[in-house]
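First up is the structure itself, then whatever we jot down about it.
The values are calculated or read from the model by the stated rules, or taken from the named source; none is laboratory data. Please read all numbers here as calculations on a predicted model, not as lab measurements. In this analysis, Cβ positions are derived from the backbone assuming ideal geometry, glycine residues included, and neighbour counts consider all displayed protein chains. Each accessible area value is taken on the protein alone, full model and side chains, heavy atoms only, with ligands, DNA and RNA left out. Shrake-Rupley method; radii C 1.70, N 1.55, O 1.52, S 1.80 Å.
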Amino acid sequence: PFGSEKCSHSTTLKKAGEKPILESKEEAKTLLDMLRTKAELLPYKNAYVFLADGIREEDAVTYTELEKRAKAIGGFLQNKIKAGETVLLLYPQGIDFIAAFFGCLYAGGIAVPVEMPRPKRGLDRLRGIVNVTGAKTVLTIDKFLSDLKRRFSEDTVLEGLSIFASDTLNSDLFDQCP
């Protein structure tokens, strides 16, 4: 499953011509171990940069910010799901998706990325994914929340899904993940 892969990484941070300021060579057992290590060693370094058109920077997140957002989502989800449950991630491309993915891992959930359903298309693909995975929970962003709730309420398979906007969570309230 995702998050269980072993990742070996080494990090060295130094100014040109100087000895390393930070040095760590260790084996990260999970993606969360890797995120924690990077947040500790490189807190202000960008973890991800989202390029809107492949060139222009639209959004960025440091390792510390990503870990904080992921822990907030994970803490929230721990109160909503059981470990091992599937969580559907309905996000456009970007940083919010990455934070939600790591948040699912923090909560012990199984993150299932799903393409956002288009407004004029049916929900057949999403319905099929729900039937196969048994998902009961969906994460998205506030921009899409009301439209998805409305569309899900009109569908007998999707109407029972619990759907939440991860970008509106108060990180101070849900920073409960180890």
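Summary table below
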{"quantity": "Phi to ³J(HN,Hα) by Karplus 6.51 cos²θ - 1.76 cosθ + 1.60 over region 69-82, Hz, x for Gly, Pro", "calculated": "5, 5, 5, 5, 5, x, x, 4, 5, 4, 7, 10, 10, 9"}
{"quantity": "Size of charge dipole - region 55-101 - debye, nearest 20, with Cβ of Lys, Arg +1 and Asp, Glu -1, no other charges", "calculated": "280"}
{"quantity": "Burial ranking of peptide ranges 54-62, 146-154, 96-104 (average Cβ count within 10 Å, highest at the top)", "calculated": "96-104, 146-154, 54-62"}
{"quantity": "Residues Asn46 and Lys143, FRET efficiency given R0 of 30 Å [Cβ-Cβ distance, rounded to 0.05]", "calculated": "0.80"}
{"quantity": "Per residue accessible area of region 114-170, 1.4 Å probe, in Å²", "calculated": "60"}
{"quantity": "Heavy atoms of Lys80 accessible to a 1.4 Å probe, total area in Å² rounded to 10", "calculated": "100"}
{"quantity": "By accessible area with a 1.4 Å probe, ligands and nucleic acids excluded, highest first: order of Tyr48, Tyr106", "calculated": "Tyr48, Tyr106"}
{"quantity": "Prolate/oblate/rounded label for region 75-178 (Cα gyration tensor, a/c 1.5)", "calculated": "prolate"}
{"quantity": "Size of electric dipole in region 46-178: Cβ of Lys, Arg +1 and of Asp, Glu -1, about Cα centre, debye, nearest 20", "calculated": "480"}
{"quantity": "Residue-count net charge about Glu115 - beta-carbon cut-off 11 Å; Lys, Arg +1, Asp, Glu -1", "calculated": "+3"}
